[in-house]
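Remarks on the structure that follows.
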Amino acid sequence: MENKADFKYPHTFILLGASGDLAKKKIYPTIWYLYRDNLLPENTRFVGYARSKLTIEQIREQSKKYMKVRPGDEQKLERFWELNEYVAGSYDKRVDYEHLNQHLTKFEKGPVANRIFYLAVPPTVFDETTVNIRNACISIKGFTRIIIEKPFGRDDVSSEKLSNHLAGLFKEEQIYRIDHYLGKEMVQNLMTIRFANKIFSPSWNHDNIASVLISFKEPFGTEGRGGYFDSFGIVRDVMQNHLLQILSLVAMEKPVTLNPDDIRNEKVKVLRHIEPIELKDLLVGQYVGNPEGQGEEKLGYLDDPTVPKDSVTPTYALAGLFINNERWQGVPFILRCGKALNERKAEVRIQYKDVPGDIFDGHAKRNELVIRVQPGEALYLKLMSKKPGMKFDVVETELDLTYSMRYRDTDVPDAYERLILDVFTGSQMHFVRNDELKEAWRIFTPVLKKLEDEHIKPIPYKFGSRGPQQADAKLSAYDFKYSGSYKWKKPTVC
Ligand code: NDP
Ligand code: BG6
């Protein structure tokens with residue numbers, strides 16, 4: 001399915017914001033892994049660009065502790081850095097981009113040369129950067145692709161402004177909007193689970209499914225990112241993008257083909273069936289310090305010096321929404337995300353309805369299909385079985401596909417690795433299209449405005465807890481039943 005037709009031509013990967021945090025922690029390591037594993041076109045060079053007057057040695061030093069280097073890879077790493085350069089320049093002056101362009105042209109021998117620009121820059125310089133790329137750095141003998149990171153605006157109006165700005169400069173097929181959750185193994189597996197198995201499709205609807213819970217939990221707070229986080233909050237940071245993207249893959253109809261636009265057409269359709277969320281459908285929380293906790297856990301969100309003392313920005317949110325189409329009418333989709341919670345976890349729980357006409361005195365619990373995105377990718381189906389033995393008792397058990405057990409020798413690649421490689425191959429399947437973004441903001445903007453205009457106070461919850469206690473009542477109200485009786489036994493290796 002990959003289009004590698006262009007792989008014989010020279011490519012340049014230009015990282016704007018090369019001196020920054022994302023660059024050192026994620027992007028340099030990712031391009032190194034892709035290079036190390038011989039996945040990139042043979043003739044690929046890398047150029048970092050930012051305002052700071054740095055050398056490539058300094059860039060190398062900054063990213064050193066994030067680059068995994070296996071024994072035996074040292075020479076290859078040297079060759080990787082030999083292919084790297086750094087150019088210092090402003091984000092707003094065309095002349096600096098003309099200089100960058102001259103630099104790029106030097107290596108582009110031959111009739112074809114392709115360029116990929118990765119914008120790891122703050123949203124404040126986004127407009128000028130893209131205009132300057134368009135005016136001074138477009139490849140004249142190959143493709144130019146632009147990778148952009150969220151935030152894609154803060155609401156419907158700002159997002160549309162950004163979309164119009166980009167549409168004035170580039171064609172949609174040149175723009176790769178990253179939602180890194182779309183690069184995760186189990187998120188990509190959702191389509192296979194749904195559409196390559198006959199067993200699930202007949203029951204994947206409102207006749208059989210009671211509710212769907214999509215969760216994201218992190219066991220740490222804002223960790224010095226309070227300044228950024230406070231102007232966005234958890235709904236914009238995680239729910240409106242990562243969780244809604246997962247929802248659309250869980251709920252969409254089968255695409256006509258695996259063509260990226262066929263898939264994205266179905267994702268948009270399902271979003272169009274969702275009404276904007278109302279305040280009554282949203283519960284928000286903010287973490288406070290836990291006096292009994294250790295270290296950072298003692299500090300609440302408002303103790304972060306970069307956060308205003310009266311901030312009402314949510315660090316936890318639970319929203320229930322409905323998809324008003326024939327398949328899903330009446331089924332609550334619950335999106336839940338939070339920081340400073342008791343564990344790290346991202347998962348989808350498809351909870352089936354109670355079996356009608358109970359003959360087991362209420363002992364038959366609901367089936368649940370759990371797709372664990374992280375940590376430890378797994379797919380398990382909770383079901384009822386006869387307890388082995390002489391008695392006729394029922395027991396809750398599972399069919400368990402835990403990746404670390406089943407695929408022992410397979411490394412699951414990092415989301416960024418897949419997504420950056422997709423840009424080289426020209427596949428937009430796992431990137432967000434303009435109209436998806438528009439629908440996502442249509443669903444969330446009114447409630448975000450209400451929260452902010454009415455200065456709604458989030459419910460406090462302790463750092464390290466499961467979040468506000470009221471969230472469990474809300475879950476039950478949305479027909480998600482937690483029995484608390486299921487016990488999973490980790491298989492022992494034979
Ligand atoms: P449970 O149904 O017992 O738990 C489901 C989830 O419900 C919990 O993770 C918890 O998540 C939530 N919960 C806890 N208290 C409440 C409450 N009062 N009201 C509503 N929800 C509540 O079983 P699981 O399917 O989660 O499995 C249990 C464990 O076994 C997990 O750690 C799972 O990872 C593991 N397991 C692993 C398998 C594997 O690796 N293959 C296979 C099967 C299970 P939260 O706090 O987020 O709300
Ligand atoms: C980012 C959010 O998009 O995703 C962060 O801005 C969050 O706040 C991160 O921590 C989580 O990503 P992952 O891959 O670690 O689950």
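The values are calculated or read from the model by the stated rules, or taken from the named source; none is laboratory data. Since the structure is predicted, the reported quantities are computational estimates derived from the model, not experimental observations. We place every Cβ from the backbone using ideal geometry, glycine too, and count neighbours over all the protein chains shown. Note: accessible area is taken over every heavy atom of the protein model, side chains too, but ligands, DNA and RNA are not part of it. Shrake-Rupley method; radii C 1.70, N 1.55, O 1.52, S 1.80 Å.
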So, over other residues within a Cβ distance under 13 Å of Arg442, counting Lys, Arg +1 and Asp, Glu -1, the net charge is -4
Given labels modelled 7 Å from the Cα in the Cβ direction, how far is it in nm from Gln470 to Lys198? 4.9
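Past 26 Å, Cα to Cα, is the threshold; run Lys68/Lys345; Lys150/Lys382; Lys339/Lys365 against it and keep the listed order.
Exceeds cut-off: Lys150/Lys382; Lys339/Lys365.
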How large is the dipole of the chain about the Cα centre if only Lys and Arg carry +1 and Asp and Glu carry -1, each at its Cβ, rounded to the nearest 20 debye? 720
For a quick check: with amide H placed at 1.01 Å from N, whose amide H comes under 5 Å from Thr44's, ignoring anything fewer than 5 positions away on the same chain? His11
Enumerate by residue number the trypsin sites (Lys or Arg not before Pro) in the range 71-131 meeting two conditions: DSSP loop (anything except H, G, I, E, B), and at most 12 other Cβ atoms within 10 Å of the site's Cβ. Lys109
Which order do Val432, Val288 take by accessible area at a 1.4 Å probe, largest first? Val288, Val432
Among Val447, Val432, Ser465, the residue whose Cα sits farthest towards the positive end of the charge dipole of the range 415-468, when +1 is placed on the Cβ of each Lys and Arg and -1 on the Cβ of each Asp and Glu, is Ser465
Restricted to the chain, the DSSP antiparallel beta bridge percent, nearest 5, is 55
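How long are the semi-axes of the equivalent ellipsoid of the range 319-428, taking √(5λ) for every eigenvalue λ of the Cα gyration tensor, in whole Å from largest down?
After diagonalising the Cα gyration tensor, the semi-axes are 34, 22, 14 Å.
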Trypsin sites (Lys or Arg not before Pro) within the range 146-209: which are DSSP loop residues with at most 12 other Cβ atoms inside 10 Å? Lys171, Lys198
Between beta-carbons, use under 14 Å as the cut-off and find the net charge around Arg51, counting Lys and Arg +1, Asp and Glu -1. -1
All Cα pairs of the range 100-209, percent lying beyond 21 Å: 54
Quick calc of log₁₀ I(q)/I(0), the chain, Debye, one scatterer on every Cα, no solvent, q values 0.11 1/Å, result -1.03
Percent of beta bridges antiparallel (DSSP, the range 1-96, rounded to nearest 5): 0
Show which lysines lie in cross-link reach of Lys8 when reach means a straight Cα distance below 21 angstrom and same-chain residues fewer than eight apart are skipped. Lys76, Lys106, Lys109, Lys141
Magnitude of the charge dipole, the range 147-280, Cβ model with Lys/Arg +1 and Asp/Glu -1, debye to 20: 180
List the trypsin sites (Lys or Arg not before Pro) within the range 447-494 that DSSP assigns to loop and that have no more than 15 neighbouring Cβ atoms inside 10 Å. Arg466, Lys481, Lys487, Lys489
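With a Förster radius of 60 Å, plug the Cβ-Cβ distance of Arg408 and Gln329 into 1/(1 + (r/R0)^6) and report the FRET value to the nearest 0.05.
So the FRET efficiency works out to roughly 0.90.
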What figure, in Å² to the nearest 10, do you get for the accessible area of Trp441 with a 1.4 Å probe and non-protein molecules left out? 10
At 1.4 Å probe radius, can you tell me the per residue accessible area of the chain in Å²? 48
Counting only protein heavy atoms and using a 1.4 Å probe, what share of the accessible area of the chain belongs to carbon plus sulfur, as a whole percent? 53
Could you rank Asp400, Asp411, Asp310 by how accessible they are, 1.4 Å probe, largest area first? Asp411, Asp310, Asp400
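In cubic angstrom, how much convex hull volume per residue do the alpha carbon atoms of the range 65-142 span?
127
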Taking the Cα centre of the range 122-173 as the origin, how large is its charge dipole in debye, to the nearest 20, when only Lys and Arg (+1) and Asp and Glu (-1) carry charge on their Cβ atoms? 260
Counting pairs of Cα atoms in the range 161-226, how many percent are more than 18 Å apart? 68
Roughly how many Å² of Glu296 are accessible to a 1.4 Å probe, to the nearest 10? 80
Whole-number D in µm² s⁻¹ for the range 23-107, Kirkwood Cα-pair radius fed into Stokes-Einstein, 25 °C, 0.890 mPa s: 177
Mind listing the phi-derived Karplus ³J(HN,Hα) values for the range 143-151, rounded to whole Hz, using 6.51, -1.76 and 1.60 with θ = phi - 60°, and x for any glycine or proline? 8, 10, 10, 10, 9, 10, 10, 5, x
